[in-house]
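Encoded as structure tokens, the structure appears first; notes follow it.
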Amino acid sequence: MVYAITEREYGKSLVKLLHVKRDGLVHTIKEFEVATKLKLNSEKDYIEGNNEDIVATDSQKNTVYLLAKRFGVSNPERFALLLARHFLNQYSHVVRAKIEVVTLVRNGTAQVESGLNKLQVLKTTQSAFVNFYRDEFASLPDMEDRIFSTVVKANWTYDTIANVNFDQAFEKVKLAILRGFAGCPDRGVYSPSVQQSMYLIQKDILDQIRQLRDVYMQMPNKHYFSVDLSKFPRVGSKTNDEVFLPVDKPSGMIEATLARNDFRAKM
Ligand SMILES: O=c1[nH]c(=O)c2[nH]c(=O)[nH]c2[nH]1
């Protein structure tokens, strides 16, 4: 063979699900968008056109609804683990099941990756960006006091999932992000750059949740420029730190993964 399939998986994506748990008058709802991705132990479906082992993506979609009905839905991680284990138990020729946030390899341990997205935060003070590299390409002035606004995306992976409370971990991550921006109510927290705010938040998250292996974060730097009102003397003030123009594009994009060193040493 001249060519090799170096990776393969297939499944159903964007499986929308709303689950209502009814405890008398208390109704708890969870809305998910699930993706299932199975890897089979042979490539005959691809290479020979032999479909006999294919668990149809339609069947995978049905499985999402049937397991939700039978076992309920607590949080994304538990539901994904339930589905991943189901696919490996039900079909011996499935070697790997990835369910949106969980990957489970036959004879391996579950790899859980959780995340949050679109958490919008903004600081009106205690944010600066100064002393950056200056050369013939630099035009940005030092900014001692700027608006810092971003929409946070974060993903974190677990080294172990024994005794993990996924809901609590999610709340801890969210709080660490909010605290990392706002700081204490009387003084706030100083941000010399997006990069350092991100690092300090990631460190806080790893300090707090010992079962985590690493945290990835992405923060676009949504720029807001002070509107130039200097040509309007009747406005009465040379400085304007009240009226800003939100700049949609382009935005800075800062990304980093912080991992435990002791874990990296094991790799
Ligand atoms: O926090 C920042 N980091 C940068 O790397 C950068 N670059 C830039 O133009 N503004 C900012 N702000």
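The values are calculated or read from the model by the stated rules, or taken from the named source; none is laboratory data. Nothing here was measured: the structure is a model prediction, and the numbers come from that model. Positions of Cβ are generated from backbone atoms using ideal geometry, with glycine treated the same way; all protein chains shown enter the neighbour counts. Protein only, heavy atoms only, side chains kept; ligands, DNA and RNA dropped before computing areas. Shrake-Rupley method; radii C 1.70, N 1.55, O 1.52, S 1.80 Å.
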**Message:** Against the condition assigned to a strand (DSSP E or B) and either among the hydrophobic types (A, V, I, L, M, F, W, C) or open to solvent by 40 Å² or more (accessible area, probe 1.4 Å) (or both), how does LEU66 come out, does it pass?
**Reply:** no
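Within region 248-262, restricting attention to residues that are exposed (fewer than 10 other Cβ atoms within 10 Å of the Cβ) and part of a loop (DSSP other than H, G, I, E, B), which residue is modelled with the lowest pLDDT?
If we filter region 248-262 for residues that are exposed (fewer than 10 other Cβ atoms within 10 Å of the Cβ), which is where we start, we get 248-250, 261-262.
So of that shortlist, the ones also part of a loop (DSSP other than H, G, I, E, B) come out as 248-250.
Numbers: ASP248: 85, LYS249: 88, PRO250: 90.
So, considering only residues that are exposed (fewer than 10 other Cβ atoms within 10 Å of the Cβ) and part of a loop (DSSP other than H, G, I, E, B), the one modelled with the lowest pLDDT is ASP248.
Scan region 209-227 and tell me whether some residue there is under 15 Å from the mean Cα position of the chain (by Cα), away from the ligand (no atom under 16 Å from the Cβ) and either under 19 Å from VAL121 (Cα atoms) or assigned to a loop (DSSP other than H, G, I, E, B) (or both). Break it down stepwise before answering.
The initial filter retains those residues of region 209-227 that are under 15 Å from the mean Cα position of the chain (by Cα), namely 212-220.
After this cut, where a residue has to be away from the ligand (no atom under 16 Å from the Cβ) as well, the list is 212-216.
Checking which are either under 19 Å from VAL121 (Cα atoms) or assigned to a loop (DSSP other than H, G, I, E, B) (or both) leaves us with 215-216.
Yes: one or more hits.
Restricting the search to region 206-225, which residues are among the aliphatic types (A, V, I, L, M) and out of contact with any Phe, Trp or Tyr (no Cβ under 7 Å at 6 or more places or on another chain)? Outline the logic, then answer.
Let us first name the residues in region 206-225 that are among the aliphatic types (A, V, I, L, M), namely 206, 209, 212, 215, 217, 219.
The answer is LEU206, ILE209, MET217, MET219.
Could you pull out the residue among ALA265, ALA162, ALA154, ALA169 that is modelled with pLDDT under 95 and closer than 17 Å to GLU77 by Cβ? Show your work before the answer.
Details: ALA265 fails: closer than 17 Å to GLU77 by Cβ; ALA154 fails: modelled with pLDDT under 95; ALA169 fails: modelled with pLDDT under 95.
Selected residue: ALA162, the only one of ALA265, ALA162, ALA154, ALA169 that is modelled with pLDDT under 95 and closer than 17 Å to GLU77 by Cβ.
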**Prompt:** Which one is modelled with the lowest pLDDT, of the residues in region 194-247 that are among the polar types (S, T, N, Q) and open to solvent by 50 Å² or more (accessible area, probe 1.4 Å)?
**Reply:** SER237
